[in-house]
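Participant: My questions will all concern the structure given below.
The values are calculated or read from the model by the stated rules, or taken from the named source; none is laboratory data. Fair warning: this is a prediction, and the values are worked out from it, not measured in the lab. Heads up, the Cβs are rebuilt from the backbone with ideal geometry, glycines too, and the neighbour counts pull from every protein chain shown. Remember, those area values only see protein heavy atoms, side chains included, never the ligands or the DNA or RNA. Shrake-Rupley method; radii C 1.70, N 1.55, O 1.52, S 1.80 Å.
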Amino acid sequence: SPDSALVATIDELPGERLRLDDAVSNAWMFAAEARIAEAQLAAAEQAVRREKGSFDPELFGFADWGADETPSASLFAGADVLQTERADFEAGARFYTRFGTEFTASVNSFRHTSNSAFAALDPEYTSFAALTLRQPLLKGFGPSARSSLDFAENSRQGADARYDGAMLAVRAEVEITYWQLYAAERNHGVAVLIRDRASAFLEDTRKRARAGIVGPSAVANAEFFLTETEQATLDTEEQLDRLSDHLASLMGRRPSDVRYRSWDEPPTEFSVVDQDTLVKVALARNPELVAQGMDSDALRALEKGAVWDARPTLDLIGGLGGNGLSGQARDVYFPGDPDPLRTDIDGDRGDATSQAVQRDYPAWNVGLVFSVPIGNREGKGERDRLRAEIVRAEQTIVSSQRYLEEEVRAQHRELERGRKRLEIATRGVDASIRQVEIGMLEYNNGRTTAFEVVRLAADLATAQQRYSDALVR
């Protein structure tokens, strides 16, 4: 500091000393902005997990039991009131691929009992096993099937970049507030020092007035100067408390003393790189620009899917299967024929299921399913909406790039001029201190007025504040 008396005054200010690194660490842990960004990142990660889950294999099945009593007038019903019971079961698995293909493997088993005299099997077991495929060829194919997952993955990368940006923003705000607190301490120390000197100056002026050396106007000037410095001291103390409270809010922790105080000194040496190089690096690594780029890529993923969904539906379907039949054989008598008929099928549910799975009685199918919505306004409207959103996102990136370049160049120039600004401010403080010293000597020798001394002291306060601003800036 250009004035050792100011250093002593600042050291006597009350408050809890705080290092910059500790302030940043606490803010990263407790700042609301950091926790919000962390929650947004977690939500984006779970959105990716949800979309990936749509391609996970799925087990399914059902079981159904029922019974019916049906009156019948047919001679071939086998009973006046036909009583049947059934127990149907199905189990299988299905999954979707990222090309939109749906695979399903299932086994169906049916148990049927009846009081019909013509039922050759009671109970009767039938089974059916199938492996089916459905492949979209237009709507729902490829990019359409995985567009939601691509969108979620790009959104997660954008959230990750925004999280990094939020942590940088928290650090930047803490650093700015910390160094503003440092400047506020200096300014408050200047105000306290000048107030104390103004009080001493007033007392000295009153003694001179009683001795007849100076007139009443000198006392009035000294009294006015003291009141102004007391007001300035209150103003600087309020600013100091306000910055301390803001730092406490960022860290989520109140100081143990009346306020926080800075411990570190602001650096005065910086490695200044070429301006164009700095702009290039900033455009490539700025977290918000990276996030906006991911947002644009996410919209492109949806647009690719919407292009396919704007087309008619044409799906290829096919399957391979097998049938099985088993049951408990019984004699069947037809009217007028004393000899019973009996089937050679005999077994249980497992036999029927085994026949179906091993395709003892095979089945297959292949075909096409299509639909053409007239006008297709829904699909085309969504496609064109997403294309417009992509244009908006791209122009947002262009605008952000231009603003970022403008800010980087402005701050680069400010940093380049920082040393010169600090050098000038230091010379100004030194000159102001010499002015006050000379002014006091001249005042004591009766060669100047109290008003001139007051003006010189005010100039000293202004010079000290400019030095604080230059040091922090």
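Participant: Mind listing whichever residues of region 339-365 are open to solvent by 90 Å² or more (accessible area, probe 1.4 Å), over 14 Å from residue 125 (Cα atoms) and more than 55 Å from the chain's Cα centre (by Cα)?
Facilitator: Within region 339-365, 339, 341, 342, 344, 361 meet the criteria.
Participant: Moving on to the next point. Could you please find all residues in region 290-323 being out of contact with any helix residue (DSSP H, G or I) (no Cβ under 6 Å at 6 or more places or on another chain) and within 18 Å of residue 163 (Cβ to Cβ)?
Facilitator: Correct list: 293 only.
Participant: Can you run down the residue pairs with Cβ atoms below 7 Å, 6 or more apart or on separate chains, where the first is in region 366-381 and closer than 9 Å to residue 312 by Cα and open to solvent by 60 Å² or more (accessible area, probe 1.4 Å) and the partner is outside any strand (DSSP E or B) and modelled with pLDDT of 90 or more?
Facilitator: Within 7 Å, the pairs are 370/312; 372/312.
Participant: How many residues are assigned to a helix (DSSP H, G or I) and either open to solvent by 80 Å² or more (accessible area, probe 1.4 Å) or under 29 Å from residue 99 (Cα atoms) (or both) when one looks only at region 31-57?
Facilitator: Here the count works out to 18.
Participant: Then there is this: When you scan region 450-462, do you find a residue that is under 40 Å from the mean Cα position of the chain (by Cα) and either at pLDDT 85 or above or at negative phi (or both), even just one?
Facilitator: No, the conditions are met nowhere in region 450-462.
Participant: Restricted to region 168-201, and to residues that are open to solvent by less than 50 Å² (accessible area, probe 1.4 Å) and among the β-branched types (Val, Ile, Thr), which residue is farthest from the chain's Cα centre (by Cα)?
Facilitator: Looking at residues that are open to solvent by less than 50 Å² (accessible area, probe 1.4 Å) and among the β-branched types (Val, Ile, Thr), I get 194.
Participant: Restricting to region 66-97, count the residues that are surrounded by 14 or more Cβ atoms within 10 Å (Cβ to Cβ) and either basic (Lys, Arg) or not in a strand (DSSP E or B) (or both). Steps first, please.
Facilitator: Keep residues of region 66-97 that are surrounded by 14 or more Cβ atoms within 10 Å (Cβ to Cβ), which gives 77-79, 82, 84-92, 94-96.
So of that shortlist, the ones also either basic (Lys, Arg) or not in a strand (DSSP E or B) (or both) come out as 77-79, 86, 94.
The total comes to 5.
Participant: Which is assigned to a helix (DSSP H, G or I), among the acidic types (Asp, Glu) and either more than 43 Å from the chain's Cα centre (by Cα) or surrounded by 15 or more Cβ atoms within 10 Å (Cβ to Cβ) (or both), of 235, 204? Write out each step before concluding.
Facilitator: Working: 235 fails: either more than 43 Å from the chain's Cα centre (by Cα) or surrounded by 15 or more Cβ atoms within 10 Å (Cβ to Cβ) (or both).
Sole residue among the options that is assigned to a helix (DSSP H, G or I), among the acidic types (Asp, Glu) and either more than 43 Å from the chain's Cα centre (by Cα) or surrounded by 15 or more Cβ atoms within 10 Å (Cβ to Cβ) (or both): 204.
Participant: Could you grab me the full set of residues in region 269-305 that are in contact (Cβ under 8 Å) with a residue 40 or more places away in the chain, over 23 Å from the mean Cα position of the chain (by Cα) and open to solvent by 70 Å² or more (accessible area, probe 1.4 Å)?
Facilitator: Selection gives 270, 304.
Participant: May I pose another question? Looking for something in contact with a helix residue (DSSP H, G or I) (Cβ under 8 Å, 6 or more places away or on another chain) and in a strand (DSSP E or B) - is there at least one such residue anywhere in region 329-352? Let's see the steps before the verdict.
Facilitator: Restricting attention to region 329-352, the residues satisfying the condition of being in contact with a helix residue (DSSP H, G or I) (Cβ under 8 Å, 6 or more places away or on another chain) are none.
Among the residues of region 329-352, not one is in contact with a helix residue (DSSP H, G or I) (Cβ under 8 Å, 6 or more places away or on another chain) and in a strand (DSSP E or B), which makes the answer no.
Participant: Sticking with this structure for a sec: Limited to region 207-219, what total is found for residues that are surrounded by 14 or more Cβ atoms within 10 Å (Cβ to Cβ) and hydrophobic (A, V, I, L, M, F, W, C)?
Facilitator: 4
Participant: Sort through 359, 311 and tell me the only one that's under 30 Å from residue 142 (Cα atoms), of a type outside the set (S, T, N, Q), part of a loop (DSSP other than H, G, I, E, B) and at pLDDT 90 or above.
Facilitator: 311
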